[in-house]
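J.: My questions will all concern the structure given below.
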Amino acid sequence: MIVSHDKLTETNAQTLLTVSGLLVEVGERALLTDFDLKVEPGALIEINGPNGSGKTTLLRYLAGVRRAHKGTVDYLGHSLAYIGQKSGLNSSMTVFENLTWISQNADQEITEPDLLDALAELGLKARRNTPVGALSAGQARRCGLASLRVFDAKVWLLDEPLTSLDASASDWLKDSITAHRAENGAAVVATHTSLGLPDTVTIDLDLP
Amino acid sequence: MNWFTRTFHKMGSPPFFYRGAKNWVKWLYVIGLVSLLVGTVWGLGFTPADRLQGDSFRIIYLHVPTAHLSQLIYIAIAVAGFVYLVWRMKMADVFIVSAVWLGAWLTAFALFSGIVWGIPTWGTGWVWDARTTSVLVQLFLFLGLIALRTAIPNSQRGALAVAILAIVGVINIPIIKYSVDWFTTLHQPASIQIGNPISIDVSMLWPLLVNTIGLYSLAAGVILYYMRIHVLRRERGSDWVRDVLSN
Amino acid sequence: MSAFLIAFNRTIRIGWRHPLDSLNPMAFFIIVTSLISITVEGGFSATESALAIAILWVVLLLSTMMASGSAYAQDYEDGSLEQLIAQNQSLYISVQGSVAARWFLSSVPLLALVPLGAWMLNLDMSVWGMLFLTLIPGSIVFALFGVLGATLTLGVGRNGVLLALLVLPLYVPVLLLGVGACQRSLGQEPFEFALIGIYAIAVASITFLPFAIAALLRVSQEY
């Protein structure tokens, strides 16, 4: 099993994301000049650095929420999932409706059983018809993470994913990332506390 | 073309602009003030009175150039907005910020002088006709630009928003003109039109021309003056500003 | 599913859960029309229909502006807008879908109130047809410019007065053409120019304004 998996990795080894010469700026202040990054299948990249060093901003550039004015961010046709500091969930829509919208928006066909499975793993199945506004902060955060399943994307971009997660949800996230890597996916995580997973590449950002 | 793109890029460079514009400001002020003085004295003192309107027509020496210039400034702002949107040229935004207040004041003055002219001529200060109404709307558009620029603290985001609003506004100006024109028309037809025989006496025209040159130069000088201040303020952290200030 | 339908469904769904967003502008419409008829002694007479037309248009314009002032504000706050942009859907089409839904949610109910307003202002029945013929494209343009104003001021707190200052001047052509067409049809004068003009403006606005709105949505995320 593992051998065949390795073979798969070798034959299908295809870069998922290349960033070259990217200028990252906040206001008129350049945080990073000429930033390069290559994300290969199975990679886990942690972006580390003090507050204000531009972790979130860099991730927003990678997600395409901010357009690069200098340099390029190229997904080479692969899909991405971005979970930012804002949940991306509408508080008056239910858990189920939000996730459906996210999958439509990402142009993914997802079946209802798949969606229910993902919700069951996160303990949200019973609350699938509850408006997100009525969930607790931790539950809303879980609902956002459930969308990782819904996206079915190659590259995950996660901004401080451990915030307001309890131990079980943190474990679920770590397991998901490991499984995702095993399926030739990759994750880029902005965080100041390492997830502690093996083979992590760390990028340290300094204050400019 | 090569020369053009080079100059375009140089104008976009703040230190080059700051140094280059210094002498321009001085000369534009001198030309502007002298021409305005000559044109106004000439127009008020040495031209014959109008056959129909008497002496009150003389206000056109101020009214017409300000009205035209204010409109020109709005169009220039929209063009600068387009340049900023496409090439993110900082100087384009500096121009917008420096010109928008002048544009608003000139529009307000054009309205005011129109009222002053209208009272003796038509017996009423305000007529809801095509030109007055579109100048009034133009004043609102200017105020909108100023308000929006002030409301958004982030300077780049504010600049982009203002650029887009200016472009939407400038497309609207001819539509506003046409629609108001259709709605009601009362004014005398425009006196100076390209291709038409000039219906104003030449002796009345010269001072108008001199005043127009004067006002345009003065306005260009004022805009450049403010642009230099804004450039310094924005680039205050950079080396060349430190050089300029230490000298 | 197309980006148009995705945005349309979502906006309708959310709007349905916030009925006050549609009802408040309706209440505003009725209250302002009532205040105007109360303050005219003995109410409006049928000979004042030209004035009544202008009043109806302006009140509808203000109500529409109120209704669209909050467009995209919630998406901006909760991060849905980030998701929309990150997933690289056609923002232009998505904006069209969202504005279309907003038109159904708030402009159609307002248009449904127009007969009531016309009755309150004692408007000559012969203009009612022309009133709707012009108000329908007019309200589409009002909604589009309203959303443009809302996206210009995204993230700027307490934006009501600012929104009015930005948007009202842009409403002038449609207002004049619409009111003009109705008034002329009342006086049995030619109105074709205005009718063509207002539909042309509506088509041009539907085509081009979403570009500006989409650009502003991107800009709101950039800095």
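The values are calculated or read from the model by the stated rules, or taken from the named source; none is laboratory data. Values in this document were obtained by computation on a predicted structure and should not be read as measured data. Every residue, glycine as well, gets a Cβ built from its backbone with ideal geometry; the counts of neighbours run over all protein chains shown. In case anyone asks, the SASA skips ligands and DNA or RNA and just uses the protein heavy atoms, side chains included. Shrake-Rupley method; radii C 1.70, N 1.55, O 1.52, S 1.80 Å.
J.: Look at residue C:223 and say whether it is modelled with pLDDT under 95 and either under 30 Å from residue A:56 (Cβ atoms) or among the basic types (Lys, Arg) (or both).
T.: Yes.
J.: If you take the residues of the stretch A:71-83 that are surrounded by fewer than 19 Cβ atoms within 10 Å (Cβ to Cβ) and among the small types (Gly, Ala, Ser), which of them is farthest from residue A:117 (Cα to Cα)?
T.: Looking at the filtered set, the residue picked out is A:71.
J.: Let me confirm something: among C:164, C:214, which residue is over 24 Å from residue B:128 (Cβ atoms) and within 12 Å of another protein chain (Cβ to nearest Cβ)? Before you say what the answer is, go through the steps one by one.
T.: On the way: C:164 fails: over 24 Å from residue B:128 (Cβ atoms).
Matching residue, one of C:164, C:214: C:214.
J.: Right, something else. State whether one or more residues within the stretch A:52-63 are crowded, with 20+ Cβ neighbours inside 10 Å, away from every other protein chain (no Cβ under 14 Å) and charged (D, E, K, R).
T.: Within the stretch A:52-63, one or more residues are crowded, with 20+ Cβ neighbours inside 10 Å, away from every other protein chain (no Cβ under 14 Å) and charged (D, E, K, R).
J.: Tell me which helices (runs of 4 or more DSSP H) are completely within the stretch C:12-83 and hold 3 or more residues being within 20 Å of the chain's Cα centre (by Cα) and without any contact (Cβ under 8 Å) to a residue 12 or more places away in the chain, or say none if there are none.
T.: Where helices (runs of 4 or more DSSP H) fall fully within the stretch C:12-83 and carry at least 3 residues being within 20 Å of the chain's Cα centre (by Cα) and without any contact (Cβ under 8 Å) to a residue 12 or more places away in the chain, they are C:20-39.
J.: Being more than 11 Å from every other protein chain (Cβ to nearest Cβ) and either out of contact with any Leu (no Cβ under 9 Å at 6 or more places or on another chain) or over 24 Å from residue B:89 (Cβ atoms) (or both) is the filter here, so list the residues in the stretch A:64-83 that pass it.
T.: A:74, A:76, A:77, A:78
J.: Let me ask something else. Which residue out of C:197, C:187, C:178 is more than 30 Å from residue C:85 (Cα to Cα) and at pLDDT below 90?
T.: Just a single option satisfies the conditions, and that option is C:187.
J.: Among the residues of the stretch A:135-143, is any over 30 Å from residue C:3 (Cβ atoms), touching a helix residue (DSSP H, G or I) at 6+ places or on another chain (Cβ under 8 Å), open to solvent by less than 50 Å² (accessible area, probe 1.4 Å) and touching a residue at least 40 places away in the same chain (Cβ under 8 Å)?
T.: Within the stretch A:135-143, the first condition is being over 30 Å from residue C:3 (Cβ atoms), and the residues that meet it are A:136-138.
Subset that is touching a helix residue (DSSP H, G or I) at 6+ places or on another chain (Cβ under 8 Å): A:138.
Filter once more, keeping what is open to solvent by less than 50 Å² (accessible area, probe 1.4 Å): A:138.
If we keep only those that are touching a residue at least 40 places away in the same chain (Cβ under 8 Å) too, we end up with none.
Checking the stretch A:135-143: not a single residue is over 30 Å from residue C:3 (Cβ atoms), touching a helix residue (DSSP H, G or I) at 6+ places or on another chain (Cβ under 8 Å), open to solvent by less than 50 Å² (accessible area, probe 1.4 Å) and touching a residue at least 40 places away in the same chain (Cβ under 8 Å).
J.: Just to be sure I understand, how many residues within the stretch A:101-117 are in a helix (DSSP H, G or I) and free of Cβ contacts under 8 Å to residues at least 40 places away in the same chain? If you could, list the steps in order and put the result at the bottom.
T.: Looking only at the stretch A:101-117, we keep the residues that are in a helix (DSSP H, G or I), and these are A:101-105, A:112-117.
Still in the list and also free of Cβ contacts under 8 Å to residues at least 40 places away in the same chain: A:101, A:104-105, A:112-117.
Adding up the residues that qualify gives 9.
J.: Next question, about the same structure. Whether any residue in the stretch B:37-50 is open to solvent by less than 40 Å² (accessible area, probe 1.4 Å), in a helix (DSSP H, G or I) and in contact with a Pro (Cβ under 7 Å, 6 or more places away or on another chain) is what I want to check.
T.: Yes.
J.: Go through (1) open to solvent by 20 Å² or more (accessible area, probe 1.4 Å); (2) at pLDDT 90 or above; (3) within 30 Å of residue C:198 (Cβ to Cβ) for residue B:186 and report which single condition fails.
T.: Exception for residue B:186: condition (2).
J.: Does the stretch C:83-97 contain at least one residue that is away from every other protein chain (no Cβ under 14 Å), closer than 16 Å to residue C:217 by Cβ and open to solvent by less than 30 Å² (accessible area, probe 1.4 Å)?
T.: Scanning the stretch C:83-97 turns up no residue that is away from every other protein chain (no Cβ under 14 Å), closer than 16 Å to residue C:217 by Cβ and open to solvent by less than 30 Å² (accessible area, probe 1.4 Å).
J.: So which residues in the stretch B:115-147 are closer than 21 Å to residue B:182 by Cβ and either open to solvent by less than 40 Å² (accessible area, probe 1.4 Å) or of a type in the set (Lys, Arg) (or both)?
T.: Correct list: B:127, B:129, B:130, B:131, B:132, B:133, B:134, B:135, B:136, B:137, B:138, B:141.
J.: State all residues of the stretch A:145-184 that are in contact (Cβ under 8 Å) with a residue 60 or more places away in the chain and in a helix (DSSP H, G or I); if no residue qualifies, say none.
T.: Within the stretch A:145-184, A:145, A:147, A:148, A:151, A:177, A:181, A:182 meet the criteria.
J.: Right, here's the next one. Yes or no: residue B:218 open to solvent by less than 50 Å² (accessible area, probe 1.4 Å), within 22 Å of residue B:93 (Cα to Cα) and touching a Gly at 6+ places or on another chain (Cβ under 9 Å)? Walk me through it before giving the result.
T.: On the way: open to solvent by less than 50 Å² (accessible area, probe 1.4 Å): yes; within 22 Å of residue B:93 (Cα to Cα): yes; touching a Gly at 6+ places or on another chain (Cβ under 9 Å): yes.
In short, yes.
J.: Any residue that is farther than 30 Å from residue A:24 by Cα, within 13 Å of chain B (Cβ to nearest Cβ) and surrounded by fewer than 24 Cβ atoms within 10 Å (Cβ to Cβ) - is there at least one of those in the stretch C:142-158?
T.: Yes, the stretch C:142-158 has at least one match.
J.: Can you name the residue in the stretch A:84-101 that is of a type in the set (A, V, I, L, M, F, W, C) and open to solvent by 10 Å² or more (accessible area, probe 1.4 Å) and, of all such residues, is nearest to the other protein chains (Cβ to nearest Cβ)? Walk me through it before giving the result.
T.: From the stretch A:84-101, those of a type in the set (A, V, I, L, M, F, W, C) are A:89, A:93, A:95-96, A:99, A:101; that's our starting set.
Subsequent filtering for residues that are open to solvent by 10 Å² or more (accessible area, probe 1.4 Å) retains A:96, A:101.
Values: A:96: 12, A:101: 6 Å.
Within the stretch A:84-101, the match that is nearest to the other protein chains (Cβ to nearest Cβ) is A:101.
J.: Does the stretch A:104-112 contain any residue that is surrounded by 15 or more Cβ atoms within 10 Å (Cβ to Cβ) and at positive phi?
T.: No: the stretch A:104-112 contains no residue that is surrounded by 15 or more Cβ atoms within 10 Å (Cβ to Cβ) and at positive phi.
J.: OK, next. Of the residues that sit in the stretch B:157-167 and are free of Cβ contacts under 8 Å to residues at least 60 places away in the same chain and surrounded by fewer than 24 Cβ atoms within 10 Å (Cβ to Cβ), which one is farthest from residue C:215 (Cα to Cα)?
T.: Looking at residues that are free of Cβ contacts under 8 Å to residues at least 60 places away in the same chain and surrounded by fewer than 24 Cβ atoms within 10 Å (Cβ to Cβ), I get B:158.
J.: Let me ask something else about it. So, in the stretch C:1-11, of the ones that are in a helix (DSSP H, G or I) and of a type in the set (A, V, I, L, M, F, W, C), which residue ends up nearest to the other protein chains (Cβ to nearest Cβ)?
T.: Once the filter is applied, the top-ranked residue is C:6.
J.: Give just the number: which of (1) surrounded by 22 or more Cβ atoms within 10 Å (Cβ to Cβ); (2) without any contact (Cβ under 8 Å) to a residue 60 or more places away in the chain does residue C:119 not satisfy?
T.: Unmet condition: (1).
J.: Can you give me the number of residues within the stretch B:154-174 that are of a type in the set (A, V, I, L, M) and at pLDDT below 85? Give the derivation first.
T.: Kept after step one, since they are of a type in the set (A, V, I, L, M), are these residues of the stretch B:154-174: B:159-168, B:170-171, B:173.
Filter again for at pLDDT below 85, leaving B:173.
Number satisfying all stated conditions: 1.
J.: Let me ask something additional. Does residue A:120 fit the bill of being assigned to a helix (DSSP H, G or I), under 20 Å from residue C:10 (Cα atoms) and aliphatic (A, V, I, L, M)?
T.: no
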